[in-house]
Amino acid sequence: MMYRAGHYSKPYIPAEIPDLDNFPGTVVHSHVFRRPDRYAGKRVLIVGPRASSSDILLHVAPLAHSAGKCVNHVYKHTFNIQHPSMVFVGLNYPVVPFSFLRVQVRFVLSVLTGHMQLLSQEDMLADCRADELE
């Protein structure tokens, strides 16, 4: 599975999220977020690794009953560590020049075609932690 995001993309919420249809709360994309008061007194979980999710959390947290942020580990801003066949191209950067997207796609294709191997899950997690400390 490969997710691709860009400056001109439409908001997207994956339909494959288990039991999303049965979720009793509200699911919204950051694209439609306008006012934090809509979340006053509610339990809020924000899913996402970058600036928009952090910005929204800062606005919502003071008003919400509880608020948190969920980020899955992503190796080199591209491969989901727990599910390496899930790939995110251009998703985790605030500004993505198109030349970088080409390099990222070549990296993905090299891994998927077997010309390059990913590290073990343990080593990828350690590498991510080291990047976070920089």
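Bear in mind these aren't lab numbers, they're just calculated from the coordinates by the rules spelled out. For clarity, every value in this text was computed on a predicted model and none was experimentally measured. Reconstructed Cβ throughout: ideal geometry from the backbone, glycine too, with neighbour counts over all protein chains shown.
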Take M124, M86 and order them by how many other Cβ atoms sit within 10 Å, fewest up front. M86, M124
Fewest to most Cβ atoms within 10 Å: C128, C70 sort as C70, C128
Can you tell me how much longer the chain between A130 and S52 gets when fully stretched, taken as 0.36 nm per residue apart minus their C-alpha distance, in nm with one decimal? 25.8 nm
